[in-house]
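The values are calculated or read from the model by the stated rules, or taken from the named source; none is laboratory data. Predicted, not measured: the structure shown is a model, and the values here were computed from it. All Cβ positions, glycine included, derive from the backbone under ideal geometry; neighbour counts span all protein chains shown.
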């Protein structure tokens, strides 16, 4: 079984910088790649702030913070990933984009290197088939925010080898994560259950069953959820929610997975949630105010 000592991370966004963060604090060398230098600089700044928070809480020493940051290198060149034992793709949830990334990545990989995708819903088997190593390809779905959330979903494609699976489980343990193994069906486990709930909450809003505040209060206090479903949708990103619902709808062919028209409208308007400043809540206000 391959021993993973150096991890590549493709994508310096919220998920990518979180994966780089936990890898570096776990003693692994990290190479983080993004197409934009400014995205890499922003990611390093975010990791630094999150590490500072851990130092303040006493979860990390200042020395450990400095050592973790020193383990992370950044690049815009795929050739920088040649030393990696595993490369984790954490790009946008669009299949065509991921296929292009893997096409560019493969020629630069060491023969033994594994590939993982952080996709939250797209077929691992289909993504793996576009590479030269489907047996060394796996799904590794981290939860957001990565430094805080304990779960990693591991998804085996039809060709994923036992060695790849066990090496990925071992990596997750090194990162201090608990794993749940899912088979390669649309949405896997977490989003197969979570996203239809969020979509149904949006339908309840769309049909006037309740307003934003009443729906979120109902689930927080009535089901003991830490966040209401509409608040959670804004946190995830409404574009990501829509993309996952589309994968579920297309993959299952069942009308119960049809994305709510109101979700589609919000995404068309550019109201994507926290990251755009407006979704089911208006984040320009303190505290955020419901938009419906």
| said: Looking for something closer than 27 Å to residue 25 by Cβ and free of Cβ contacts under 8 Å to residues at least 12 places away in the same chain - is there at least one such residue anywhere in the stretch 175-190? | reply: no
| request: For residues that are part of a loop (DSSP other than H, G, I, E, B) and in contact with a helix residue (DSSP H, G or I) (Cβ under 7 Å, 6 or more places away or on another chain), scanning just the stretch 62-93, find the one that is surrounded by the most Cβ atoms within 10 Å (Cβ to Cβ). | output: 90
| message | Checking residue 259 against (1) crowded, with 16+ Cβ neighbours inside 10 Å; (2) outside any helix (DSSP H, G or I); (3) out of contact with any helix residue (DSSP H, G or I) (no Cβ under 6 Å at 6 or more places or on another chain): exactly one of these is not met. Which one? | response | (3)
| Does the stretch 201-212 include one or more residues that are surrounded by 16 or more Cβ atoms within 10 Å (Cβ to Cβ), closer than 28 Å to residue 152 by Cα, at pLDDT 95 or above and not assigned by TED's automatic domain parsing to the domain that holds residue 120? | yes
| Of the conditions (1) over 28 Å from residue 243 (Cα atoms); (2) assigned by TED's automatic domain parsing to the domain that holds residue 111; (3) touching a helix residue (DSSP H, G or I) at 6+ places or on another chain (Cβ under 8 Å), residue 20 fails just one. Which one is it? | (1)
| message | Please verify whether residue 237 is assigned by TED's automatic domain parsing to the domain that holds residue 247, at positive phi and either surrounded by 14 or more Cβ atoms within 10 Å (Cβ to Cβ) or out of contact with any helix residue (DSSP H, G or I) (no Cβ under 7 Å at 6 or more places or on another chain) (or both), treating the condition exactly as stated. | response | yes
| request: Give the residues of the stretch 114-131 that are in a loop (DSSP other than H, G, I, E, B) and in contact (Cβ under 8 Å) with a residue 40 or more places away in the chain, sorted by residue number. | output: 118, 120, 121, 122, 123
| task | Might you check whether a residue that is under 20 Å from the mean Cα position of the chain (by Cα) and surrounded by 24 or more Cβ atoms within 10 Å (Cβ to Cβ) occurs anywhere in the stretch 46-55? | result | yes
| message | Can you tell me which condition residue 264 does not meet? The list is (1) under 30 Å from residue 140 (Cβ atoms); (2) modelled with pLDDT under 95, and all the others hold. | response | (2)
| note | Over the stretch 13-38, the set of residues within 19 Å of residue 77 (Cα to Cα), out of contact with any strand residue (DSSP E or B) (no Cβ under 6 Å at 6 or more places or on another chain) and in contact (Cβ under 8 Å) with a residue 24 or more places away in the chain is 13, 17, 34, 35, 36, 37
| note | Given (1) closer than 19 Å to residue 165 by Cβ; (2) in contact (Cβ under 8 Å) with a residue 40 or more places away in the chain; (3) in a helix (DSSP H, G or I), residue 50 misses just (1)
| note | The residue that is surrounded by the fewest Cβ atoms within 10 Å (Cβ to Cβ), considering only those in the stretch 1-12 that are in contact with a strand residue (DSSP E or B) (Cβ under 8 Å, 6 or more places away or on another chain) and farther than 16 Å from residue 140 by Cβ, is 5
